[in-house]
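This report concerns only the one structure given below.
What follows draws every value from the coordinates through simple rules; no lab data is involved. Quick caveat, the model's predicted, so the values are computed rather than measured. As a convention, Cβ positions derive from the backbone with ideal geometry for all residues, glycine included, and neighbour counts pool all protein chains shown.
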Amino acid sequence: MQKVKKILAALGIGGVLCLAACEKTFLDLQPLDQPTEAVYFANPDQFKAAANDFYNKMIGFRPVGSDSKNSSLNSNIYEWMDWGSDLLSAGYGWPSTLNPGDKNWVNEYAYIRANNILINKGNGYKGDYSGIKQYVAAAYFFRAWHHFFLLKRFGGVPIDTVVADVNSPILQAPRNSRYEVMQQVLSDLDVAIAGLPLEGSIAAADKGQVSQQAARAFKARVLLYEGTYEKYVGKTTDGDGASSGAGSNGYDPGNVNKYLTEAATLASQVMTYNDYSLFTGEDSLSYRYLFILEDAQSNPKGLTKAANKEFILSSKYDYTLLQGNANLTHTGGGGVSRKLMDMFLCKDGLPFSVSPLNKGYASMTDEFENRESRMTCITGKPKQKYWGFSTAFGANYTLANYFTTFNWPSYITVNYPDLTTGGSGYGSRKWSSEQINRNDYQESYDYPQIRLAEVYLIYAEAKCELGNGTISYADLNISINKIRARAGTAPLTNELIAPYPSLTMLGEIRRERTLELLGENTRFTDLMRWGIAEQELNQVPKGMIVQYNGQPTEIATFTNPYTNKPAYKPASYPYGVDQATGALILGLPPVVPMTRKNYLTSIPTDQIILNKQLLQNPGY
């Protein structure tokens, strides 16, 4: 019996049904009551309250887990910001050994169980179904959301569509293949799309609830992911399903083009709605303030969250009702790698490596000249004044005359790179608040789950894949070139990149995705679905350039006027300087290198002990 209890717990089964009340606003998600499942779901308000609780189970700023009494099950936003990749806080950041247990397995199945309960109660509802239709549709959406999370992490997993009890076959079920899981995800999303309201029909008090367009956008994301994974990775991570892995049952090579075609179609549909638009309200700093809009004191133009029409689905936070509780401003958004710095485009639309606008690296500011605006929206330019904490950055003090209501703090300082502690010399400020009255953990801007820029990127990538590496000007102009315009760089065209053999259209679209979605939990899965994670993640991480054209760069001999000490301390970099590039070497290649097996995490051994039908992923 004890074993059964453990299995039930792993699937989120048992105990009372905790539901969120929504008497105040959609953000009021704390359970105010704990009725039993048997007496709940009697009217639309109760279905709505139950569905509202699904939203705080997505990755967001606040720690989230399936058991509020067990913090070891909580996921932290820092786990999902691309840290440990080749771009931010560079280093090996993907599990490589057997997991004795995995909170993500436990949490996701607990969340799915809650979705299944609502769906089951909806099927037996005696009242007017139209009153609960959108809440049941939301349950299908989130069931797809969590199965997709499991698919990306583990590959094939047991599909859970029932409210299990101690006699349910799922407790001892084998893994379904990734292809079977994908079909379930797509099926659930079709039901969700059919039942969810359009954005324009969602009442102001309920804004933040999932819309039909959000479900279409998410399905486009799912289809692009799986279409490219099956194209570039294929069945190489499946295992045979007899001795390891989940097998390849349901695999169909025709699904690649089918999925990519539908991804482009769905993205195109979402792009036609006037409910959404790219945020451009802060001019060249729009990318900067998109992520930290809170109230009129959080940005130069005094805008509020209402100005942001780019987020299609987001986790909602509020200073009074639900603060972010992540302390992102103080801790910063991770160390920016040399690789990322060189990926940013020049204003002519070309990569730094080939652009004639390239100013080199001799001066601290040279590499920032003639570059796209996302570069300084993400990291601070040397010799500029900023305010903030630690390695994070706040407002750009050079725009002080742009602010009329701010009382500037005393800790405004000039940004001088610090090469005394072994870091890259570049910090990320993407999530750093500029709300003058916020203290640690009080940031209350919203977290994007799906935004219009990603939809444009999905469309462009799917079209380019379907075109065997080519895409029309018209398709570029209705998608990716809108993003580039906001970034202050020239449109992407075939003529632009044609003179440079190292550049391809698909490669530039992937570059655009990498830059635009930085720190939004896409880098690892993108490299894996493109089949190039081994190539990109096994590189030596590098930082700032200290040797250029045979001479020390400015930072290499610079004395920080605040400390009156050298800004560069060679002893802090035991691996020295890369002779080919002059960049600081931040570490060695991973001791345990990224291989194809690491595209999937191991199945937690505690789950295999409980269910002998679960086979371990290949290579573990």
Inset, instruction - Run the quick spin-label model on ALA306 and LYS258: label points 7 Å from Cα toward the beta carbon, then report their separation in nm to one decimal. - result: 4.7
Inset, instruction - Sequence neighbours fewer than 8 away in the same chain don't count; with that in mind, list the lysines whose C-alpha is under 16 Å from LYS121. - result: LYS48, LYS133
Inset, instruction - For TYR232, put the label point 7 Å out on the Cα→Cβ axis and report which residues of region 589-620 keep their amide N under 18 Å from it. - result: 594-601
Legend entry - Calculated FRET efficiency for the pair TRP80/GLN384, C-beta based, R₀ 41 Å, to 0.05: 0.90
Inset, instruction - Evaluate E = 1/(1 + (r/R0)^6) for ASN468 and GLN269, where r is the Cβ-Cβ distance and R0 equals 30 Å; express this FRET efficiency to the nearest 0.05. - result: 0.80
Inset, instruction - Take LEU98, project a point 7 Å from its Cα along the Cβ direction, then tell me which residues of region 592-612 have their backbone nitrogen under 16 Å from it. - result: 601-612
Inset, instruction - Could you give the size of the charge dipole of region 135-257 about its Cα centre, using +1 on the Cβ of each K and R and -1 on the Cβ of each D and E, expressed in debye and rounded to the nearest 20? - result: 340
Legend entry - Gap separating the Cα centres of region 141-155 and region 484-536, nearest whole Å: 25
Inset, instruction - With a point put 7 Å past each Cα toward its Cβ, work out how far SER187 is from LEU588 in nm, to one decimal. - result: 5.0
Inset, instruction - Mean Kyte-Doolittle of at least 0.5 plus a Cα span of 20 Å or more along the axis: flag which DSSP H helices in the chain meet both, please. - result: 452-466
Inset, instruction - For every other residue with a beta carbon closer than 14 angstrom to the beta carbon of SER177, add +1 if it is Lys or Arg and -1 if Asp or Glu, then tell me the sum. - result: -3
Legend entry - Extension reserve of the ARG511-TYR441 stretch, reckoned as 0.36 nm per residue once the Cα distance is removed: 22.0 nm
Legend entry - Dipole moment magnitude, nearest 20 debye, region 194-344 about Cα centre, only Lys, Arg, Asp, Glu C-beta charged: 160
Inset, instruction - Would you calculate the separation in nanometres between label points at GLN535 and LYS569, each defined as 7 Å from the Cα along the Cα-to-beta-carbon direction? - result: 3.9
Inset, instruction - Could you point to the residue in TYR140, LEU151, ASN43 farthest towards the positive end of the chain's charge dipole, with +1 and -1 charges on the Cβ of Lys/Arg and Asp/Glu respectively? - result: LEU151
Legend entry - Selection from ALA462, LEU586, ILE119, by position along the positive dipole direction of the chain (Cβ): LEU586
Legend entry - Signed unit charges on C-beta, dipole axis of the chain, positive-most listed residue ASN104, ILE609, MET505: ILE609
Legend entry - 222 nm mean residue ellipticity, helices alone, for the chain (DSSP H n ≥ 4; -39,500 (n - 2.57); rounded to 500): -9500 deg cm²/dmol
Inset, instruction - Find me the longest stretch of the chain that has none of the exposed GluC sites (Glu not before Pro), where exposed means in a DSSP loop (not H, G, I, E or B) with at most 14 other Cβ atoms within 10 Å. - result: 24-368
Legend entry - Difference of contour (0.36 nm per residue) and Cα-Cα distance, SER502 to LYS359: 49.5 nm
